[in-house]
Each structure stands twice: as C-alpha cells, then as structure tokens.
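Data first, discussion second: the structure below is written as structure tokens.
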Amino acid sequence: MKIREINGPVVKVRDAQGVFMNEMVRVGNLGLIGEVIGINGDMATVQVYEETSMLRPGEPVKRTGKLLSVVLGPGLLNNIYDGIQRPLEELMRKTGSFISRGVDAFALDTTKYWEITILKQKGDVVSGGDVIAELQETQSLKHKIMVPPLLGKGKIIEIKPSGSYTVMETLAKVETENGIVEIKMYQEWPVRIPRPVKKRLEPSIPLITGQRVIDIFFPISKGGTAAIPGGFGTGKTITQHQLAKWADADVIVYIGCGERGNEMTEVLEEFPKLKDPRNNVPLMNRTVLIANTSNMPVSAREASIYTGITIAEYFRDMGYNVAVMADSTSRWAEALRELSGRLEEMPAEEGYPSYLASRIGQFYERAGISENLNGTTGSVTVIGAVSPPGGDFSEPVTQSTKRFVRCFWGLDKNLAYSRHYPSINWLTSYSEYTENLEEWFQKNIAEKWSNYRNEAMKLLAEDDRLQQIIKIVGEDVLPDDQKLTVIVSRIIKVGILQQNAFSDVDSFCPLEKQYNLLKIVIDTYYRAKKLVEKSIAISQILPSELVSKLLTMKEEISNLEDFEKVEAFLKEHFDKLDKTYA
Amino acid sequence: MALKEYIGVSEIRGPLIIMRNVKNVRYDEVVEIEQNNQKKIGKVILVNEDTAIIQVFEGTQGLALKEPKVRFLGKPLEINLSPDILGRVFDGLGRPIDDLGEIVSTKSMDINGSAINPAAREYPRNFIQTGVSAIDGMLTLIRGQKLPIFSGNGLPHNKLAVQVAKQAKLKSNEEFSVVFAAIGLKKDDANFVVKNFEESGAIKNMVVFLNLASDPVVERIATPRVALTAAEYLAFELGKHVLVILNDMTNYCEALRELSNYRGEIPGRKGFPGYLYSDLASIYERAGMIKGKDGSVTQIPVLTMPNDDITHPVPDLTGYITEGQIVLSRELNRKNIYPPIDVLPSLSRLMKDGIGKGYTRDDHPNVASQLFASYSHVIEIRSLAAIIGEEDLPDIDKLYLNFGRAFEEKFVNQAFDESRSLDQTLDIAWKLLSMLPETELTRVNKEYIEMYYKK
Ligand SMILES: Nc1ncnc2c1ncn2[C@@H]1O[C@H](COP(=O)(O)OP(=O)(O)OP(=O)(O)O)[C@@H](O)[C@H]1O
Ligand SMILES: [Mg+2]
C-alpha cells in the first residue's frame, strides 16, 4: 500500500486490497499509527493519530491485521496514556519533554514482576470472564487475571504455579473447541466494541461524591450517566476532579479529551499525595489517566474516550465499581466534526456529522451496572463534561447528550461570576435517579432524608419566584413569611450548596454531615415558621449571629458532637422564644 | 535531497496556488515562489500524487500563472535562532527588519513546535507580581500561565499589556524576557508598544515580531507560531523566563477564517472554521513549565471582542483553552477607571495553587474571595437601586454602594506607571473591606479579621 494523498490527519492510500474497517496501519517511513476509516475499491482512507507533517505521496503504508485495540492487564493503574494508549512517561523517557513521532511503546511495564496467586488447577473447566489468578496491583486494588470474554468453554491443560511473573508470561493453556488458547497476564480488546456482560441490572446504589449539591439534590447511581454542561470557567473540570478524588468508586478512569495539559499535570502531582478517605491509600493508586490534550492530534482525541471506557469495562469485569470522567465530550465531538469535514461527508447541524447523536448514545450506553460473565457485579459510571459554544445549551452536542444521560448538572455562568461554586444550577439541573435511590438513603443514612431534601427543594423554588420580585421592589417590602423563605434559602445556598473545592475541611463532605447540615437548616425553618405565624419580628427569630453560624457550619464543624452543640444552641434559642410568646 | 523547482503554476485562488503535475511533494513543506526577483514563502496544505495546494503567506498579489519559479524546500517552515535575537525586530515570518543584519543562527526550529508531553509538564505555582492591584489581588498571574486580555475596540488593552510586561517580576526578582508579536496591529499601536519598551530600556530583553495591519493577511497565520518558537527557544534552551504577548488574536482568527474560505471548507459559527478550537489550542498550549528545565513561557494574548460580545467564537474558544481571562469593561473605562478590569467575569484559574501560605500572603485567598463576593453583591444592589432609587435602600445596602465605588476608584484604578507591591494591594483591600460590617465578611477567616480588619 502507498500514500496517495495527505490532507492533515486524513491520508488516502492506494493498493489497499484486503484491509478491513478500523484496522490499525502504520503510515509512511516513520510508521505513524493510523486506523482505516473508509474503504472504496482498492483505495482506503486512514486517519492518522500523529502529526502528518513532511509525509509524501508514495511512502509505504503497512497493515497490522489488528483492530485499534488496547492492552489490558496489571500496570494500568497509576499510569498516564495518550488517546491511543501510549504510555506518556515511557515516551518521555524515550524522546524527551516534547512528543515526537513514530515512537512505539507497550502500554504495560514488561519488566516488572508481579506476585501472583493462581486460583485454578489443571483440569478445571473455565469460560470467558473466569478469574484464574489474582495479584495486588496497588495498595487499593486486587487485579484479577481473567479468561478473555470470547473464549467460550475450555479445559485448563497447563497452568503455572503461584509466583512472580512479568505481564508477558503465559499463565495457562486452555483447550477449547477451536484449539488451544494461551492465557497471558494481559489481554487485548478493540476499543470500539463494548465488552460483553451477562446481564444488565437496575441502578439502585448511589455513587457517593461528597459533593452536597450532587448527593443531596441530584444524586447519581453507580452505573449511571451524567453530563456537566457549562461555558468556559464555570467549573466543569473542578467538578470532575472533585468526583475523581472523592467518589466512592474502586477505580477512576480520567480522560482529558482535548483539554489543557496543566490540568493533567495537576492530577499527576496532586493525586499521589491525596489519600482516599475510605482506606487512606493515595488516590493515584486507583486512577488511570488518559491525556490527549487540545494540542495533541485530533484523531487520537477521537479515539481517547473509547480507550478510556474500554479500560473501565475491563475493571468492571473484575467486579469493581468504576467511574469514568470525560473532559470534555464536546472536544471529542469536534474531533468527529473535523474528521468528517476532511472526509467531505454531508454535514448535518452546525457542521457535525449526522451520526453525532448515535455516537454519543453508543458511548453513554457503555455505562451501567451489570452482572459480569464471571458472576460478579460491577459498574461503569460515566460523567461527561460538555462545553457548549457561548455557554448556550441549545447546541447539538448538549442536546444530543441530554437524550442519553439521566443526570444533568447544568453549570450557570452567573453563579460562577458571583463565585458560587459548584455553580450547578439547582433549578435547571435534574437527576432521574432520585427516586431509585431514595430507598437507599432512607435505609442507610436517615429515614427523613427525602423529606428534608424535598422541603429544601421546595424552598429554593419558592425563593426563585421571590427573587424576581425582589429585583424590582427590594426585599424590605416582602411579608415576613416570604422573608423567612428568602433567608432560609440563602442559608441553603451559601451554607449547603456552596462547597469550596479547595477547602481542607469542606472539599469532601461525608453523607452524615450532609444530612446534619440539611436537617439543622430545615428544622430551623420549621421552628422559625411557627414564630413568624405569631407575628414575631424576623430579626428576633433569626438574629444575624445565628444566621452567620448556620452559614459557616460546613467549614467549622467536622464531627457529630459539634452538631449536637449547634442543635442544643438552636433549641434553647427557639424554646426561649416559644415560651416568651406562648 | 535535491531541491525541486518548477516554473509556472496551474491555478491561483486567493492566497492559494495550485500546482499540477508535481511529484514527491511533502505535506506541510515550505515553498519559495519567486517572480521578478521578489520572493514569497508558502507551505503545502494538501498534496496528492500529482497536485499540491500551497498557501502563500504574503498573498498572491502580482503573481502570474506562467512566470513564478516555485521551489520546494523539503522542510517545514523554520526560523533561525540564536541568543542574539534579544533586542531585535523581525517581520511576521521571523525575518529581521531592523537593519541590524541577519541572525547568525546556532539553531533553526520548526515554527509549529511539538506538543509538550503532559507527563513532562511541571504544574505552575509561582506568583508573578504585575504591580496591578486587580490582577495581583484577584486574578493572580502565575509563571507558565496563559492568561488573555479580553478587550474591545478603543479600550486600553495595549497600555495594560505594556504595563504588565514592564512591571512583571518574580519573587526572586528575576526579570522576564518579553516576546512581543504584533498580529495585524495598527502601526500606531505597535509604535506605542515598541516606544515604551525602548524608553524603559526593556527593549534589550525583548524580541519583537511585527505583522502590521498593512502586512499580508496570511502571514498572520505564522506570526504567533514564529513568536512562540522564539519564546520556547529562550525558555527551554536558554533557561529564561519569557512573557509572550500576542496582540491581537482576533486578527489571527480572521486571517484563518479568510484562508479557510479560500479552501472551500464548511464554515462554522460566524464563518470561522470548525477546527478553530484545535488551531488556537496549538498556539495557547505552548505555554508552561517543563520538568528539569529552568525557563518558562507565560502567555498574555490580547484580543478584541467584536461588539464587546464575550460569546463571539474568538473570545469564547480562547476562554475554553486559556487558564482564565482578564476582561476589560467599557463602562469602567467610561468612568475613567484605568485599568478598566471587570473582575467578575474575569478569572485566573491557576491562582488557587499559587497564592496564600507559602506562596504570597496568608490572607490573600480569603481577601480575594471576599472582594469577589462583596463586589458581586454591589452589582446586585446597583441594579435594584436603579429601580427603586438609592435613598430607599436599607442602610446596609448603602454601605455596599460606597464600598463598590471605593473598590473601583481606589483598588482597580491606578496609574500607568504605578507599580504596587502585593502588600500594598492587600492593604488597600483591607481598607475597603473595613467599610463593611464584620458580619458581612463571611469568607474571611477569624484570625485574619483580627489581624487586619479596621487596622
Ligand atoms: N467547587 C469549586 N470550588 C472553588 N472554586 C471553584 C469550584 N469550581 C470552580 N471553581 C473555580 O472556577 C475556576 C474554573 O473552573 P474549571 O477550570 O473547572 O472550569 P471549566 O468549566 O472546566 O472551564 P473550561 O471549559 O474552560 O475548561 C477554577 O479555576 C476555580 O477557580
Ligand atoms: Mg475545564
């Protein structure tokens, strides 16, 4: 095969008989990595995952016979890859601080020895997904070596004893209908094909994020999907970072898709130092990073989200809860658009190809909680940032995403301008999981969880209506019961919804604390309301020191005892008023 | 490899020329086009087995079909570099125009650069004192950051860019080398900048690239890349801290739009090509610090928002790539506030990791956060006051209005040649905050209230 035409990342190739769709090829004298994305007679169209500068028509193109795939095995955690799973640390060792071309590196460390416990014996019958061995990949995760999903049934005819091996080692040989299959410590899987599961399950357990506006108001379930749309600087990345840090998942796959280099560096520097609140192990130990920053080739950006989600599915298959953050899916959609343009496809809305919505759908459909082939339960939660042009949510990517996700955390520019973070708008956001998860919260946290939540939501909605009036006539003229709504809503907004990601105390808020904050504020509201009905002055019912205490509780209280103190203080205050005005 | 030379071209379309029956041409290689002893430079933007499409940087004016000699150089567009580029002035393609002769180069580099490996980056944390209160106090610039100025026609962005470049210093008191790229700039504006640097003597630490409004439009595609290549050389080869000013990126984007048009590409929002985001990223991401290297590249791109519209594709996509933005306001400018920085839509994303304990002053993060919260409350009250009148406002709101005025006049406002230390900036901030009752300062830690409130 030979290059015929070069148009940016899109290269046309002649004499391409025999290639298949999505086959990986090596392009030009440098052997750049590419993928076949179109075939027409003996002509193939290839998208090249590296810069094509200085390529020339006539240079050779070589087949690999493989679909664009990722390598799955021990050593994924703690690692950082580009969009086509080249290990960036390794590339740096090979070629220095800047990414150069035509460099190849195996995704896993091939020299490292892993201490392996073999779980099967010669003669055992196994099938796809079965675990034959395990090893402690990092302090936080036991890695299971599984039979590749498509193997069918077979009998182990040879297996190594427990011991120390590198990933290149063949651990077992399995005799199947189609001959003998070697089982290595790693397997390969084509990124564009979802890994199979036995059965999909109903989402019913929350992914606990430690972010109040999410957990209380718009919760997401394990295996759920969420979108975070917002204009620039409204807090998408910080929210994603917060979830990557604090969500109670076993594995985090963080995909930096067409975003800033420094944001990846930040994770790389910060995560090894931060401890998981549940087991005190550095967060990096459960994290895989995919970094295809905005200045790296767009075609690899297109591939990056598939690379990421395939890795997530692999850990799910071991029975883990995995959360995938994709920042930003809009950049991925733009990569689709750019490539589509170079292919001279007929554009649909705003130049995006007509298959935009279906691709977005296929991506989010790979999320879910499921019974795996090996009988374990695992989940992939997908949380995608969306970056609408001009912050206008009516554009195609936001709209198509909305059709496929069940949580919508809409970021609001005006909240961000006034430094109300996270700037998730409590009126336009929603979670379709709220009902599914109610039972869990009531059982595990508090019977009255939903009551308090709903009361708070009601207040906020009423407050929104009042704010319209306040804008025109000022707050002073409102009747006292409405003033109360406004004051309590302000406490909810500032004292509960606002959560500073950089605060040592408040960056992560455990569910019990979330509940206590909510309970105290709403209980205060109930008691105050009774007094308002007796026409007692608001300033007496909620003096500014009391309000100020409620506003700063989140930062100043970290244990249950202190909550009890606040409750006692409030009780005394209200009891006294009740008595005075009995 | 022997150079390939052809005579005559097949077609001319705007700034593009099309050559048929050419062989062995490389994608992206540089082309020299010579006619009547005049040389132009172009690059190959599409090539197949017998056709090449070439984009001519100086435009195709005056070119005839039959006459030009077209030479393919077999390499990408490069510029010559050596430590002697400091103090020199070049055109938009990196050719000297200051009568001081050619650069005897020790190195030539591809103007497209290559992407910094994200694993090789070092996270920027070092505070740059610009001497401008609104920036240092609330929108802190960090070494290695890309922080654009979003301006509008007729607003003093040039003045501000010059002031920042002149006053910028690190805690260690190291000086910056400045790379200034004029992109489609009016002659007066460019002169203002250069003159100011000459007068302050800073010019010897400076490299200037000039593509003026009267210069070829397509050349603008190369100018920021040429400037950044020089900056990377100074930073990562010579270990200097470099401040790059790219002015005006709106002109760059318009040049890109024009070129895209000639290429017959499907236009996106407002006619800009769909790849504008990636293209801008290939410029803005060339900022930062690298592990194991001493130097750094800090970028201050300047752009004018058409119609002052922040949702226009140029500021919008820029904001999506850069690490914040400094937004200038026509209203403040009308009130004679200089620099007319509107802090609310402005943001510095890297300040969170570069201020406070161990970096600047301990109370800095709290003060910044409180100023934002209080000033944003001022804006709410102002719009209410506009309806019901200032007299009918509650007393606390009146206090806020006074605070708002003082904030603009004393904190934001300062002289073009006034460089305030961070201590001065924070002290002014505390004076202003002391105008408000203590209970209003919910974002400040008690210990700082005790130290600074009404002191
Ligand atoms: N929860 C939070 N707590 C404190 N500050 C926040 C929070 N969320 C956002 N911010 C502030 O907002 C800034 C911008 O946030 P972020 O970088 O996440 O925006 P973004 O939506 O990802 O923007 P872009 O689309 O340009 O990438 C941060 O640098 C930080 O200053
Ligand atoms: Mg972001």
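Data for the structure
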item: Leading residue by the ranking (farthest from residue A:397 (Cα to Cα)) among those in the stretch A:214-240 that are within 12 Å of ligand 1 (Cβ to nearest atom), part of a helix (DSSP H, G or I) and open to solvent by less than 10 Å² (accessible area, probe 1.4 Å); result: A:214
item: Every pair of residues 6+ apart whose Cβ atoms lie under 6 Å, when the first sits in the stretch B:437-452 and is under 18 Å from residue B:372 (Cα atoms) while the second is among the small types (Gly, Ala, Ser); result: B:439/A:544; B:439/A:548; B:443/B:369; B:443/B:373
item: Wholly enclosed helices (runs of 4 or more DSSP H) of the stretch A:468-582 bearing at least 3 residues among the polar types (S, T, N, Q), modelled with pLDDT under 90 and not assigned by TED's automatic domain parsing to the domain that holds residue A:219; result: A:544-556
item: Hey, residue B:318 open to solvent by less than 20 Å² (accessible area, probe 1.4 Å) and part of a strand (DSSP E or B) or not; result: no
item: Per-region count, the stretch A:414-438, residues open to solvent by 70 Å² or more (accessible area, probe 1.4 Å) and near ligand 1 (Cβ under 10 Å from one of its atoms); result: 1
item: Hits in the stretch B:329-364 - residues which are within 10 Å of chain A (Cβ to nearest Cβ) and in a loop (DSSP other than H, G, I, E, B); result: B:349, B:350, B:356
item: Residues within the stretch B:89-102 that are open to solvent by 20 Å² or more (accessible area, probe 1.4 Å) and part of a loop (DSSP other than H, G, I, E, B), tallied; result: 7
item: Residues located in the stretch B:426-455, provided they are of a type in the set (Lys, Arg), in a helix (DSSP H, G or I) and exposed (fewer than 14 other Cβ atoms within 10 Å of the Cβ); result: B:446
item: Criterion violated by residue B:143 - all others in (1) in contact with a His (Cβ under 7 Å, 6 or more places away or on another chain); (2) surrounded by fewer than 22 Cβ atoms within 10 Å (Cβ to Cβ); (3) of a type outside the set (Asp, Glu) satisfied; result: (2)
item: Candidates A:294, A:299, A:304 - the one that is crowded, with 24+ Cβ neighbours inside 10 Å, touching a Phe, Trp or Tyr at 6+ places or on another chain (Cβ under 8 Å) and part of a loop (DSSP other than H, G, I, E, B); result: A:294
item: Elements of type helices (runs of 4 or more DSSP H) in the stretch B:121-233, at least 1 residues being farther than 23 Å from residue B:329 by Cβ and either free of Cβ contacts under 8 Å to residues at least 12 places away in the same chain or within 14 Å of another protein chain (Cβ to nearest Cβ) (or both); result: B:187-200, B:219-232
item: Every residue from the stretch A:148-189 that is touching a helix residue (DSSP H, G or I) at 6+ places or on another chain (Cβ under 8 Å) and open to solvent by 30 Å² or more (accessible area, probe 1.4 Å); result: A:181
item: Within the stretch B:303-316, tally of residues that are facing chain A (nearest Cβ under 8 Å) and touching a Leu at 6+ places or on another chain (Cβ under 7 Å); result: 1
item: Where residue B:355 falls short, out of the listed (1) more than 27 Å from residue A:500 (Cα to Cα); (2) open to solvent by 10 Å² or more (accessible area, probe 1.4 Å); (3) within 16 Å of ligand 1 (Cβ to nearest atom); (4) of a type in the set (Val, Ile, Thr); result: (1)
item: Within the stretch A:248-277, tally of residues that are more than 13 Å from residue A:289 (Cβ to Cβ) and within 16 Å of ligand 1 (Cβ to nearest atom); result: 4
item: Count - residues of the stretch B:260-286 that are open to solvent by less than 10 Å² (accessible area, probe 1.4 Å), more than 9 Å from chain A (Cβ to nearest Cβ) and not aromatic (Phe, Trp, Tyr); result: 2
item: Odd one out for residue A:408 among (1) touching a Ser or Thr at 6+ places or on another chain (Cβ under 7 Å); (2) surrounded by fewer than 21 Cβ atoms within 10 Å (Cβ to Cβ); result: (2)
item: Test: residue in the stretch A:198-210 that is within 16 Å of ligand 2 (Cβ to nearest atom), polar (S, T, N, Q) and out of contact with any Gly (no Cβ under 6 Å at 6 or more places or on another chain); result: no
item: Filtered residues of the stretch B:391-425 (kept if surrounded by 18 or more Cβ atoms within 10 Å (Cβ to Cβ) and either within 30 Å of residue A:474 (Cα to Cα) or among the aromatic types (Phe, Trp, Tyr) (or both)); result: B:393, B:397, B:400, B:403, B:404, B:407, B:408, B:411, B:412
item: Residue A:507 vs. criteria in contact with a Gly (Cβ under 9 Å, 6 or more places away or on another chain) and among the polar types (S, T, N, Q); result: yes
item: Test: residue B:306 is assigned by TED's automatic domain parsing to the domain that holds residue B:155 and away from ligand 1 (no atom under 14 Å from the Cβ); result: yes
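For every residue, the table says whether it meets (1) within 16 Å of ligand 2 (Cβ to nearest atom); (2) outside the structural domain of residue B:405 (by TED's automatic domain parsing); (3) more than 13 Å from the chain's Cα centre (by Cα); (4) within 25 Å of residue B:235 (Cβ to Cβ).
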residue: B:290; (1), (2), (3), (4): no, yes, yes, yes
residue: B:295; (1), (2), (3), (4): no, yes, yes, yes
residue: B:301; (1), (2), (3), (4): no, yes, no, yes
residue: B:374; (1), (2), (3), (4): no, no, yes, no
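Here's the yes/no breakdown for (1) surrounded by fewer than 24 Cβ atoms within 10 Å (Cβ to Cβ); (2) within 12 Å of chain B (Cβ to nearest Cβ):
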{"position": "A:260", "(1), (2)": "no, yes"}
{"position": "A:270", "(1), (2)": "yes, yes"}
{"position": "A:282", "(1), (2)": "yes, no"}
{"position": "A:286", "(1), (2)": "no, no"}
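The values are calculated or read from the model by the stated rules, or taken from the named source; none is laboratory data. On a predicted model such as this, the values are computed, not experimentally measured, just so you know. Glycine also receives a Cβ, built like all others from the backbone with ideal geometry; neighbour counts cover every protein chain displayed. To get the accessible areas, we keep the full protein, side chains included, count just its heavy atoms, and leave off ligands, DNA and RNA. Shrake-Rupley method; radii C 1.70, N 1.55, O 1.52, S 1.80 Å.
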